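Visitor: First the structure, which I've put down as structure tokens, then a few questions once you've had a look.
The values are calculated or read from the model by the stated rules, or taken from the named source; none is laboratory data. Treat the numbers as computed from the prediction; the structure is a model and nothing was measured. Cβ placement follows ideal geometry from the backbone for every residue including glycine, while neighbour counts extend to all protein chains displayed. For the accessible areas, the whole protein counts, side chains as well, though only heavy atoms, and no ligand, DNA or RNA atoms are used. Shrake-Rupley method; radii C 1.70, N 1.55, O 1.52, S 1.80 Å.
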Amino acid sequence: MNEDELFEALKATLLKEDREALQRLQDILDQPEKLSQKMSPVLEERLATFKQAFPKEYKGIIEKIISEKLANSKEELLEAIYPIMGKLIKKYTALQFQLLQERIDQKLKFGIWHRIKTGFRSFFFGVKEDEMILNELMSSTIDNIFIIQKHSGLLIASTNNNPAHQDDLLAGMMTAIKSFAEDAFDKNGAELEVITYDNYQLLLESYYSYYFVVAVNGNISSHQSAVIHEKMNNFSAKYLSRDKVKSGQFSQALSINLKSYFFTNPIA
Amino acid sequence: MISKKVILTGSFGVGKTSLFEQFLYSKFSQKYLTTIGVKVDKKVLNINGKELSMIIWDIAGEVKQDKVPNSYFLGTSAIIYVFDVTRKSTYEELEEDIAHIKKMLPNGITAIVGNKIDLVDDGFIEELKQNIPLPWDLLTSAKTGDNVEQLFHDIGIKLLAQNS
């Protein structure tokens, strides 16, 4: 036996126990089930301690981070909340629509001649009498839609392709009228929601840094109005953010989205 | 095209509306000015190859600027304050008015403009320089068109610089 072999034999004798222990450890590491058995109690204990200590140790830090984040993101938060507020308003509008429906039902009871006429038409066309009256009252079309930066009145997007309409001037003038009305009848930050003249209505939906105007030609029901407001909210949630309106510059891409969103899905 | 909101303000009868009327790209009926106190016009400029659309809010004349609804000032990039060089009452409150405007728009561009210079001579202008509370940026004439394009151009350059 030479010197190297002698040394190896000596190592094998002296390190036998260590090598076996190392092998056992290696086996545990190589087999996830065994590793899990060993580690789980330790991890669970650590996790329990962490859970217990977390509120005490990190409460102050987390609160500070959240309040800083809230303060820095105030405008984004408001932007996100506005569409939700719109939905609440929509529920109220739906209620008003129900009241209108009841009034029409009343009208049906008393308007005999009209009832005979619509009854005939209802019979031949298979449409409910009250729906027919509603349709008569509410044939309407959306002429144009604007998205306008709130205070400057600068036009962000519009569905009108005809430059002769000068939508940027209309946007400015509508903002001036809106500001005038809100200033003159200051009701704790209340915002102008509709402008009506003759057979024409401008429906307004205000958000934190911009507002929508939908110009409707013809009579419009509460239900249709609610649908339009819902569309404005949904469009806002999908396509708009504070950054997109911050510059106050007109966006062709947003205008295309606006047109396809409102005009390819007719109002119910 | 870059769009900016510009306010045209000052005391009544200083010639704000007539000063810009003939140069405006397009305009609304005058009746709006008396109805809601403002009318919106547009002036498109080409400055060094860049198109700038100035959406100009022509505000009905008030004796003092703090009478103008605050909401009209919001979102404004530049203010053109016009006074009549022939009527002292239109620039007596100049210092207070400009202070009010600066308070409303700390980062806005402000131009002080003396109008109706066609009605006075050089001697009068020299005398006015001594008596006016704040120096003007430009003197104009709505009647002859003197310096009106220059005024727009100067503001346009500042607005584009602000944007870059």
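Visitor: Quote the FRET efficiency, to the nearest 0.05, computed for A:Y92 versus B:M1 with a Förster distance R0 of 45 Å and r equal to the Cβ-Cβ distance. Intermediate results must be reported in sequence, preceding the final value.
Guide: Values: r = 40 Å, r/R0 = 0.89.
Efficiency, rounded to the nearest 0.05: 0.65.
Visitor: Given R₀ = 30 Å, FRET efficiency for B:Q162-A:I195 by Cβ-Cβ distance, to 0.05? Provide the component values of the computation, followed by the final result.
Guide: Values: r = 33 Å, r/R0 = 1.09.
In this case the efficiency is close to 0.35.
Visitor: Within a Cβ distance under 15 Å of A:K246, other residues only, what is the Lys/Arg minus Asp/Glu net charge? Please report the intermediate quantities before stating the final value.
Guide: Details: positive: A:K74, A:K150, A:R242, A:K244, B:K4, B:K5; negative: A:E75, A:E76, A:E79, A:D243.
Every neighbour counted, the sum reads +2.
Visitor: In whole Å, how far is the Cα centre of the range A:8-33 from that of the range A:213-239?
Guide: Taking the Cα centre of the range A:213-239 as reference, the centre of the range A:8-33 is 75 Å away.
Visitor: Tell me, what % of the accessible area of chain B is carbon and sulfur with a 1.4 angstrom probe? If you can, show how the numbers build up before the last one.
Guide: Details: 3640 of 7500 Å².
Exposed carbon and sulfur together represent 48 percent of the surface.
Visitor: Next question. Please report, as a whole percent, how much of the solvent-accessible surface of the range A:3-57 comes from carbon and sulfur atoms (probe radius 1.4 Å).
Guide: Working: 3100 of 5390 Å².
In the range A:3-57, the share of accessible area belonging to carbon and sulfur is 58 percent.
Visitor: Just to check I understand the Karplus step: with θ = phi - 60° and J = 6.51 cos²θ - 1.76 cosθ + 1.60, what whole-Hz values come out for the range A:142-153, glycine and proline as x?
Guide: With coefficients 6.51, -1.76 and 1.60, one gets 8, 8, 7, 10, 10, 10, 10, 5, 4, 8, 6, x Hz.
Visitor: Checking an interface number: how much accessible area is buried between B and A, summed over both chains, with a 1.4 Å probe, in Å² rounded to 100? Can you show the working numbers first?
Guide: Details: alone 8280 and 18690 Å², together 25270 Å².
Chain pair B/A: roughly 1700 Å² of buried accessible area.
Visitor: Below 18 Å, Cα to Cα, which aspartates and glutamates can B:K42 reach? Residues fewer than 8 away in the same chain don't count.
Guide: Output for B:K42: A:D167, A:D168, B:E21, B:E51, B:D58, B:E149, B:D154.
Visitor: Please compute the length gained on full extension between A:Q52 and A:D183, using 0.36 nm multiplied by the number of residues separating them and subtracting their Cα-Cα distance.
Guide: On the way: separation 131, 0.36 × 131 = 47.16 nm, distance 5.41 nm.
Full extension of this stretch gives 41.7 nm more.
Visitor: Looking at this model, which pairs from A:K74/B:K43; B:K64/B:K116; A:K64/A:K150; B:K102/B:K143; B:K43/B:K143; B:K129/B:K158 are more than 27 angstrom apart at the alpha-carbon? Don't skip to the end; give the middle numbers.
Guide: On the way: A:K74/B:K43 35 Å; B:K64/B:K116 20 Å; A:K64/A:K150 32 Å; B:K102/B:K143 30 Å; B:K43/B:K143 19 Å; B:K129/B:K158 25 Å.
Pairs exceeding 27 Å: A:K74/B:K43; A:K64/A:K150; B:K102/B:K143.
Visitor: What distance in nm lies between label points placed 7 Å from Cα along the C-beta direction at A:I61 and B:S89?
Guide: Simple spin-label model gives 6.9 nm for this pair.
Visitor: Could you work out, residue by residue across B:150-161, how many beta carbons of other chains sit within 10 Å of that residue's beta carbon, and then give the average as an integer?
Guide: Working: counts 0, 0, 0, 0, 0, 0, 0, 0, 0, 0, 0, 0.
Across B:150-161, the average partner-chain Cβ count within 10 Å equals 0.
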